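The values are calculated or read from the model by the stated rules, or taken from the named source; none is laboratory data. Small disclaimer: the values here were computed from a predicted structure and weren't measured. A quick note on method: Cβ atoms are made from the backbone with ideal geometry, for glycine too, and the neighbour counts reach across all protein chains shown. Surface areas here come from the heavy atoms of the whole protein model, side chains and all, with no ligands, DNA or RNA. Shrake-Rupley method; radii C 1.70, N 1.55, O 1.52, S 1.80 Å.
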Amino acid sequence: MREINASIPFDKALWRQDIRASKAHARMLGKTGIISEKDCAAILEGLDKIEAEFATNGVPEDWDLEDIHMTTESRLAELIGPAAGRLHTARSRNDQVATDFKLWVDGALWSAQAALSALQQALVTRAGEHADSVMPGFTHLQTAQPVTLGHHLMAYYEMFERDISRICSASVHLSACPLGSAALAGTGFPIDRDMTAEELGFSNGPTRNSLDAVSDRDFALDYLFFASQCALHLSRLAEELILWASQPFGFVKMPDTLSTGSSIMPQKKNPDAAELVRGHAGRIIGCTTALMVTMKGLPLAYSKDMQDDKPPVFEAAGLLELCIAAMTGMIADCHFNTERMRQAAELGYATATDLADWLVREADIPFREAHHITGAAVKLAERKGIALDELALDELRAIDSRIDERVYAALSVESSVAARASYGGTAPEQVRMQVAAARKALGMED
Ligand code: ARG
């Protein structure tokens with residue numbers, strides 16, 4: 001029983017929140033006269049001492065005390081005697097743990113936000129450097145149209161921007177304070193729940209339903225949903241870097257500090273950090289699944305199953321923090337081989353759409369017909385093993401006589417990207433505009 005019951009091995013991570021919430025509760029009990037001023041002062045002094053002890057020596061792990069709440073209370077009794085027993089008036093571990101955990105999750109959300117803005121800053125910096133660098137854009141991982149590297153990097157800026165907005169909404173959802181809900185039904189003591197909610201920084205005041213308050217773990221799931229989505233984004237970026245670092249691509253050289261060598265093949269440099277970011281996404285998603293399954297069949301109100309809410313959240317938060325930091329380093333310090341990217345953009349007839357668009361624009365040919373004419377030109381170039389703009393004018397005119405020499409200007413990869421200047425498009429001028437807006441939003445000075 002001791003072993004299956006104990007949560008102290010992991011919930012000791014909540015010690016700061018537990019002491020903070022206990023202080024708020026004690027002050028409220030003192031202010032409302034539920035406990036004496038003297039007992040209140042003794043409790044607060046004792047909690048200060050415990051805080052200092054835990055900060056220097058760590059939290060002791062006694063399984064008989066089950067969890068962080070009992071650990072703190074029992075130490076308080078050792079320090080101040082019987083008055084310690086008054087702290088638990090008008091509360092239960094059920095509202096206590098919900099309060100502590102909400103405070104912890106809110107902290108984790110905002111530290112993820114700070115880490116993600118650092119990653120966004122790295123992306124925006126590199127995107128600004130590469131607003132003009134041309135690379136192949138893919139659909140189905142087949143060369144589709146040339147794009148700019150800056151545009152590609154800014155796509156990830158947008159994904160992380162959405163993750164940050166999920167942080168903001170998750171933080172709003174956890175902004176009501178469960179403390180004072182007691183075991184499940186509220187309490188008969190004349191407590192002041194607004195006072196504790198305010199002291200603990202819950203902007204939405206006290207929770208409105210005590211049954212919901214002690215059995216709600218939506219806030220933990222919201223954190224995990226955010227973390228999973230963010231991990232997916234990180235994993236997609238990691239996958240691209242891994243692919244680009246592979247020799248047949250050769251688009252990127254990963255920083256040595258975030259790669260490893262092989263123990264047997266001296267020439268190898270492996271993108272381990274990126275691979276682990278990709279791998280950790282699986283574990284973070286696993287944490288989310290674990291808590292959803294834990295919660296799905298629970299009747300109201302608290303059940304002990306809910307003690308299992310913490311390990312997946314702590315694990316996901318630790319992994320996510322590592323992944324964001326590793327990715328920030330990779331983006332900031334990798335070397336993009338722009339020459340190689342440009343060469344790759346010229347392979348695979350990436351400017352075929354530009355030929356079709358030119359026929360529509362300059363010769364007033366309906367797009368479907370232009371598409372057909374372009375297909376014939378690509379086929380011819382393929383047969384000859386040359387690029388589209390290496391076809392002679394005669395050869396192009398033999399396919400369609402409405403083509404003239406001005407077409408060549410449209411067929412270079414540079415003019416292809418420059419032409420895609422619609423809002424949100426890949427043209428360097430569009431990328432520069434988006435980079436400037438992002439820099440402003442991130443508070444990066446110019
Ligand atoms: N260790 C418990 C948890 O983490 C604290 C709440 C215990 N409540 C109870 N009624 N046994 O969930």
Counted residues in region 222-276 being part of a helix (DSSP H, G or I) and polar (S, T, N, Q) come to 4
For region 57-91, what are the residues that are more than 22 Å from Asn5 (Cα to Cα) and outside any helix (DSSP H, G or I)?
Leu87, Thr89, Ala90
Checking Asp100, Asp62, Asp67 in turn, the sole residue that is within 16 Å of the ligand (Cβ to nearest atom) and open to solvent by 50 Å² or more (accessible area, probe 1.4 Å) turns out to be Asp62
Got a number for residues in region 71-82 being within 16 Å of the ligand (Cβ to nearest atom) and either open to solvent by less than 20 Å² (accessible area, probe 1.4 Å) or more than 15 Å from Lys23 (Cα to Cα) (or both)?
3
Considering region 351-388 alone, what residues qualify as being in contact with a Pro (Cβ under 9 Å, 6 or more places away or on another chain) and open to solvent by 40 Å² or more (accessible area, probe 1.4 Å)?
Val360
Breaking point among (1) part of a loop (DSSP other than H, G, I, E, B); (2) within 16 Å of the ligand (Cβ to nearest atom); (3) surrounded by 12 or more Cβ atoms within 10 Å (Cβ to Cβ); (4) of a type outside the set (Phe, Trp, Tyr), for Pro299:
(3)
Filter region 245-284 down to the residues that are within 16 Å of Ile324 (Cβ to Cβ) and either touching a Lys or Arg at 6+ places or on another chain (Cβ under 8 Å) or of a type in the set (A, V, I, L, M, F, W, C) (or both) and list them by number.
Leu258, Ala273, Ala274, Leu276, Val277, Ala281, Ile284
Residue tally, condition hydrophobic (A, V, I, L, M, F, W, C), touching a helix residue (DSSP H, G or I) at 6+ places or on another chain (Cβ under 7 Å), more than 30 Å from Leu184 (Cα to Cα) and surrounded by fewer than 18 Cβ atoms within 10 Å (Cβ to Cβ), over region 214-246:
1
Go through (1) over 27 Å from Ser169 (Cβ atoms); (2) of a type in the set (Ser, Thr, Tyr); (3) within 16 Å of the ligand (Cβ to nearest atom) for Thr260 and report which single condition fails.
(3)
Return only the number of the condition from (1) open to solvent by 10 Å² or more (accessible area, probe 1.4 Å); (2) more than 16 Å from the ligand (Cβ to nearest atom) that Leu149 does not satisfy.
(1)
Condition check: surrounded by fewer than 17 Cβ atoms within 10 Å (Cβ to Cβ) and part of a helix (DSSP H, G or I). Does Ala409 satisfy that?
yes
Of the residues that make up region 193-212, is at least one outside any helix (DSSP H, G or I), open to solvent by less than 20 Å² (accessible area, probe 1.4 Å) and within 16 Å of the ligand (Cβ to nearest atom)?
no
Only one residue in Ser412, Ser422 is under 21 Å from Met135 (Cβ atoms), in contact with a helix residue (DSSP H, G or I) (Cβ under 8 Å, 6 or more places away or on another chain) and in contact (Cβ under 8 Å) with a residue 12 or more places away in the chain. Which one?
Ser412
Checklist (1) buried (at least 20 other Cβ atoms within 10 Å of the Cβ); (2) assigned to a helix (DSSP H, G or I); (3) of a type outside the set (Val, Ile, Thr) applied to Met135, failing item
(2)
For Lys269, indicate whether it is away from the ligand (no atom under 16 Å from the Cβ) and either over 25 Å from Thr426 (Cβ atoms) or not aliphatic (A, V, I, L, M) (or both).
yes
Unique match (being open to solvent by 10 Å² or more (accessible area, probe 1.4 Å) and within 34 Å of the chain's Cα centre (by Cα)) among Arg397, Arg432, Arg402:
Arg432
Being within 20 Å of Phe314 (Cα to Cα), free of Cβ contacts under 8 Å to residues at least 60 places away in the same chain and either buried (at least 18 other Cβ atoms within 10 Å of the Cβ) or within 21 Å of the chain's Cα centre (by Cα) (or both) is the filter here; which residues of region 247-293 pass it?
Leu276, Val277, Arg278, Gly279, His280, Ala281, Gly282, Arg283, Ile285, Gly286, Thr289, Ala290
Which pairs have Cβ atoms under 8 Å, sit 6 or more apart or on different chains, and link a residue in region 301-323 that is closer than 26 Å to Ala182 by Cβ to one that is within 16 Å of the ligand (Cβ to nearest atom) and basic (Lys, Arg)?
Met306/Arg217; Asp309/Arg217
Identify, please: which residue in region 83-97 is more than 16 Å from the ligand (Cβ to nearest atom) and hydrophobic (A, V, I, L, M, F, W, C) and is, among those, nearest to the chain's Cα centre (by Cα)?
Ala84
Note down all Cβ pairs under 9 Å where the first residue falls in region 1-14 and is away from the ligand (no atom under 11 Å from the Cβ), the second is open to solvent by 60 Å² or more (accessible area, probe 1.4 Å) and β-branched (Val, Ile, Thr), and they're at least six residues apart or on different chains.
none
Residues that are open to solvent by less than 30 Å² (accessible area, probe 1.4 Å) and either within 16 Å of the ligand (Cβ to nearest atom) or among the charged types (D, E, K, R) (or both), drawn from region 40-59
Val59
Can we say Ala114 is surrounded by 23 or more Cβ atoms within 10 Å (Cβ to Cβ) and either within 30 Å of the chain's Cα centre (by Cα) or at pLDDT below 95 (or both)?
no
